[in-house]
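Chemist: Could you have a look at this structure, given as structure tokens, before my questions?
The values are calculated or read from the model by the stated rules, or taken from the named source; none is laboratory data. All of these numbers come straight from a predicted model, not from anything done at the bench. Here the Cβ is made from the backbone with ideal geometry for all residues, glycine too, and neighbour counts use every protein chain on show. Heavy atoms of the whole protein, side chains included, go into the accessibility calculation; ligands, DNA and RNA do not. Shrake-Rupley method; radii C 1.70, N 1.55, O 1.52, S 1.80 Å.
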Protein chains: 2
Amino acid sequence: MSPRTTRVVCLRRRPAKEPVPGDFAVEERPLPLLGEGQVLVRNLYMSVDPSMRGRLETTEKHYTHNFTPGSPLDGRALGVVEESRCPAVPPGAFVRHQLGWRERVVLNGTDTDGAARIDPRLAPLPTWLGLLGQTGFTAYVGLTRIAELRPGDTVFVSAAAGAVGTAAGQFARLLGADHVVGTAGGPGKCALLVEEFGYDAAADYRAEPVRDALARMAPEGIDVYFDNVGGEQLAAALHALRTGGRVALCGMMSQFGGERRTVDINHLVQAVLKRLTLSGFIVRDHDDLRPEFEQRVAGWLAEGRITARETVVDGLENAAGALLSLLGGGNVGKMLVRLAD
Amino acid sequence: MSPRTTRVVCLRRRPAKEPVPGDFAVEERPLPLLGEGQVLVRNLYMSVDPSMRGRLETTEKHYTHNFTPGSPLDGRALGVVEESRCPAVPPGAFVRHQLGWRERVVLNGTDTDGAARIDPRLAPLPTWLGLLGQTGFTAYVGLTRIAELRPGDTVFVSAAAGAVGTAAGQFARLLGADHVVGTAGGPGKCALLVEEFGYDAAADYRAEPVRDALARMAPEGIDVYFDNVGGEQLAAALHALRTGGRVALCGMMSQFGGERRTVDINHLVQAVLKRLTLSGFIVRDHDDLRPEFEQRVAGWLAEGRITARETVVDGLENAAGALLSLLGGGNVGKMLVRLAD
């Protein structure tokens, strides 16, 4: 008999300041009966994303809903079909969807908002949430369409050891960048960036002013900045950018964290002096690029030209902890929760 | 006999903080003898520009040289040829050039860097430095190419009563904007913006937070922000911009002025949430647009669809004061110095 309930991760309350474990709770929720065209999916992996941080707040949002206290979180996940009333998606099929943070879920089998089948022979399951998923696609769109990366460019990536950052550095090189530098928190991550992820140089943003690090790592300046953090690193990049430089604004993690000092918005005068362009983007505006992206990245993976790396935490009861760890910089590459094998 | 010297305005010393009259001096300098192909020009009007403020400093610059203590200032000017060894530019011709801040100057007659003839029948002389000059061209390039103004857009212009601002508001309307709002310093300027310059609404940035003013003047949000000031007004615009909004970064006057409070660069998270693009620009990168610009603006002027307005100060000895007045917001429209009739 089908399971009638599933365990879910709920937001218990909005964080007072920085989120803490008590802001989340694992609860039991009913599962609806399978309707015509629907599938019951057992989640195997789910994605833990920095963008969830902003969705814990009540502040204005424009591209997605915020989480609601008392309700389950959501996010990208990958699972296997256990029951199906949708012929196109039979039991045993692997699907990717938007309703993680729960062990099981009932989805429409063919909607674009529902379950999308993936081919596990093309790449391991975690890779479908990482380099071949929204994470890799974010790096690809940011570099190609937003920052208009050109062969020979020097590229700077912040949060370079994160999921998007490890993808962006490798993609930049394969797309023709001449010199790729990054920043991360701590010497261990910096070593990995150079040894595993093809960065030419990496600097610990906690150990020295990023402006000094950029002057050392890219003394001739940079052409592209892939910004995941904002704040001091964005200001430093504005000074390091060469005439005509481009900034892909992907996220601004430095807006969180209480004791941060304010960095002056008028560093943007550099954009006037050097004709810089800064563009924010939301990856799902660019789905027309997805076939090109999947073909190229699958090719790079098959040729062994690119390293996929995940930080995997086991069990739904550890999922909130995985989010808190991510927000504290505890991951290298993609942060995932494994819910079943 | 030709004059052998000319009076010039020199930078005596770099300003300690805000520039003061004693930082400048009128001095007598020799004039070179006229070479083959050269003309002696008596300046009639010269342009006083906010961008001169940054050039008084030693900080990094990328698109033009800074002024040097002991040397004359320079800037756009318009004069009449008194002597000529260049057949294409005879005595009596009117020319526009880059060497203002002096009464007379020897120039090459036909270089692009030298004197360029203008036709005084097309528009009054001051207009050639204002709406038909670099000032108007800056507004035109910023709106059309940088902010990609579209019919129906709502446009916000800061420093709207200044030279570029009065041009930008009027051009925006004639280029199809649906709603044009601006900010300026003081109720008098705000009244002028609505009565003379076609703004739908204007607010005194000194009297209320610009974020509140925008919520009142453009409750549905804005599509384009023409930024002349940076700082708090830029942050307010980032919050008011609608999805897909565009910012033309033209100048950042709020970077000067000592007691200003720092505004957080992470207001740029709005650019991520709403896919905004911010682009700095330097007008002379866009000279290909100049014929189109001159034709359209000359047409609007001839049809009486546009108001040219200048603040005119007389005499080289008052020129430094005119610059200080401009930096304090003492002008409406283009600030000019008249050197002779």
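Chemist: Using 0.36 nm per residue of separation minus the Cα-Cα distance, give me the extension gain between B:Ala88 and B:Glu57 in nm, one decimal.
Modeler: Values: separation 31, 0.36 × 31 = 11.16 nm, distance 3.86 nm.
That pair, B:Ala88 and B:Glu57, stretches by 7.3 nm at full extension.
Chemist: Compute the acute angle (0 to 90°) between the alpha-carbon long axis of helix A:163-174 and the principal axis of greatest extent of the alpha-carbon atoms of chain A; round to the nearest 10°.
Modeler: With both axes taken from Cα atoms, the answer is about 60 degrees.
Chemist: Work out the mean other chain Cβ neighbour count within 10 Å for the residues of A:242-254 and drop it here as an integer. Let's see the in-between values first.
Modeler: Values: counts 1, 4, 1, 1, 1, 3, 1, 10, 1, 2, 9, 2, 3.
Per residue, the number of nearby Cβ atoms from other chains is 3 on average.
Chemist: Now a separate question. Counting only other chains, what is the mean number of Cβ atoms within 10 angstrom of the Cβ of each residue in peptide B:278-287?
Modeler: Details: counts 9, 8, 13, 5, 5, 0, 0, 3, 0, 0.
Per residue, the average neighbour count from other chains is 4.
Chemist: If you don't mind, another one. With the full set of protein chains in place, find how many percent of the accessible area of the protein assembly as shown is carbon and sulfur; take the probe as 1.4 Å.
Modeler: Values: 13320 of 27050 Å².
The nonpolar share, carbon plus sulfur, comes to 49 percent.
Chemist: If you average the sequence gap of Cα pairs under 8 Å that are 6 or more apart and divide by the length of chain A, what percent do you get for the contact order?
Modeler: Values: 729 pairs, mean separation 60.9, N = 341.
Normalised by residue count, the contact order of chain A is 18 percent.
Chemist: Could I ask something else about it? By how many nm would the segment from B:Arg261 to B:Asp119 grow when fully extended, if each residue of separation counts as 0.36 nm and the alpha-carbon distance is taken off? Could you put the intermediate results ahead of the total?
Modeler: Values: separation 142, 0.36 × 142 = 51.12 nm, distance 4.65 nm.
Contour length minus Cα-Cα distance gives 46.5 nm.
Chemist: Let me ask something else. Take the alpha-carbon centre of region B:62-126, take the same for region A:289-341, and report the distance between them in whole Å.
Modeler: 63 Å
Chemist: Which value, in Å², gives the accessible area per residue of region A:1-136 when a 1.4 Å probe is used on the protein heavy atoms?
Modeler: Working: 6220 Å² over 136 residues.
Averaged over the residues of region A:1-136, the accessible area is 46 Å².
Chemist: Determine which aspartates and glutamates satisfy two conditions relative to B:Lys189: a Cα distance under 16 Å, and not lying fewer than 8 residues away in the same chain.
Modeler: Counting by Cα, and skipping residues close in sequence, B:Lys189 has these aspartates and glutamates nearby: B:Asp200, B:Asp204, B:Glu208, B:Glu310.
Chemist: If you don't mind, another one. I'd like the interface area for chains B and A: accessible area of each alone minus the complex, both sides summed, 1.4 Å probe, protein heavy atoms only. What is it in Å² to the nearest 100?
Modeler: On the way: alone 15190 and 15160 Å², together 27050 Å².
Approximately 3300 Å² gets buried when B meets A.
Chemist: So, in nm, how far is label A:Asp178 from label B:Ala215 when the simple model puts each one 7 Å beyond its Cα toward the Cβ?
Modeler: Taking the two extended label points, one gets 4.9 nm.
Chemist: Loop only per DSSP, at most 16 neighbouring Cβ atoms within 10 Å: give me the trypsin sites (Lys or Arg not before Pro) in region B:52-147, ordered by residue number. It would help to have the intermediate numbers written out before the result.
Modeler: Details: sites: B:Arg53, B:Arg55, B:Lys61, B:Arg76, B:Arg85, B:Arg96, B:Arg102, B:Arg104, B:Arg117, B:Arg121, B:Arg145; in loops: B:Lys61, B:Arg76, B:Arg85, B:Arg121.
Answer in residue order: B:Lys61, B:Arg85, B:Arg121.
Chemist: Can you divide the C-alpha Rg of the protein assembly as shown by 2.2 N^0.38 Å and report the result to two decimal places? Spell out each step's value before the answer.
Modeler: Details: Rg = 29.6 Å, N = 682, 2.2 N^0.38 = 26.3 Å.
Cα Rg divided by the expected 2.2 N^0.38 Å: 1.13.
Chemist: I would also like to ask the following. Tilt of helix A:290-302 relative to the longest C-alpha principal axis of chain A, in degrees (0 to 90, nearest 10)?
Modeler: 80 degrees
Chemist: Can you give the average number of partner chain beta-carbon atoms within 10 Å of each beta-carbon in peptide A:114-122, as a whole number?
Modeler: Working: counts 0, 0, 0, 0, 0, 0, 0, 0, 0.
Mean shielding count: 0.
Chemist: Once the piece of chain linking B:Ala302 and B:Asn318 is laid out straight, how much longer is it, given 0.36 nm per residue of separation minus the C-alpha distance between them?
Modeler: Details: separation 16, 0.36 × 16 = 5.76 nm, distance 3.24 nm.
Residue separation times 0.36 nm, minus the Cα-Cα distance, leaves 2.5 nm.
Chemist: Under the rule a/c < 1.5 gives rounded, and otherwise a/b versus b/c splits prolate from oblate, where does region B:228-299 land using the Cα gyration tensor? Mind showing how you got there, number by number?
Modeler: Working: a/c = 2.82, a/b = 1.57, b/c = 1.79.
Oblate, since a/c reaches 1.5 and b/c is not below a/b.
Chemist: Pop the C-beta distance of A:Asp288 and B:Val20 into the FRET formula with R0 = 56 Å and round what comes out to the nearest 0.05.
Modeler: Details: r = 57 Å, r/R0 = 1.02.
Result of the calculation: an efficiency of 0.45.
Chemist: Using only alpha carbon positions, build the gyration tensor of region B:1-101, then give the equivalent ellipsoid semi-axes as the square roots of 5 times its eigenvalues, largest first, whole angstrom.
Modeler: Working: eigenvalues 166, 44, 26 Å².
For region B:1-101, the ellipsoid semi-axes come out as 29, 15, 11 Å.
Chemist: For region B:134-283, with equal point scatterers placed on the C-alpha atoms only and solvent neglected, what are the log10 I(q)/I(0) values from the Debye formula at q = 0.11, 0.17, 0.21 1/Å, to two decimals?
Modeler: -0.34, -0.87, -1.41
Chemist: Which order do A:Tyr140, B:Tyr45 take by accessible area at a 1.4 Å probe, largest first? Kindly include the intermediate steps, with their values, before the conclusion.
Modeler: On the way: A:Tyr140 0, B:Tyr45 30 Å².
Of A:Tyr140, B:Tyr45, the descending order of accessible area is B:Tyr45, A:Tyr140.
Chemist: Might you tell me the accessible area per residue for region A:207-341, computed with a 1.4 Å probe and given in Å²? Provide the component values of the computation, followed by the final result.
Modeler: Values: 5160 Å² over 135 residues.
Value for region A:207-341: 38 Å² per residue.
Chemist: Could you pull out the GluC sites (Glu not before Pro) across region B:289-332 that fall in loop regions by DSSP (anything but H, G, I, E, B) with no more than 15 other Cβ atoms inside 10 Å?
Modeler: B:Glu303
Chemist: Let me ask another. Using 7 Å Cα-to-Cβ label points, what is the B:Glu195/A:Thr64 separation (nm, one decimal)?
Modeler: Distance between the two pseudo-spin positions: 5.3 nm.
Chemist: Please state the charge dipole magnitude for chain A, taken about the Cα centre, from unit charges on C-beta atoms (+1 on K and R, -1 on D and E), reported in debye and rounded to the nearest 20. Could you put the intermediate results ahead of the total?
Modeler: Values: 38 positive and 40 negative charges, 70 e Å.
Rounded to the nearest 20 debye, it is 340 debye.
Chemist: Could you state the principal axis extents of the C-alpha atoms in chain A, from the largest down, to the nearest angstrom?
Modeler: In descending order, the Cα extents are 66, 46, 34 Å.
Chemist: Using θ = phi - 60° and the Karplus relation 6.51 cos²θ - 1.76 cosθ + 1.60, list the HN-Hα couplings for region B:235-242 in order, rounded to whole Hz, with x at every Gly or Pro.
Modeler: 4, 4, 5, 4, 6, 7, 5, 7
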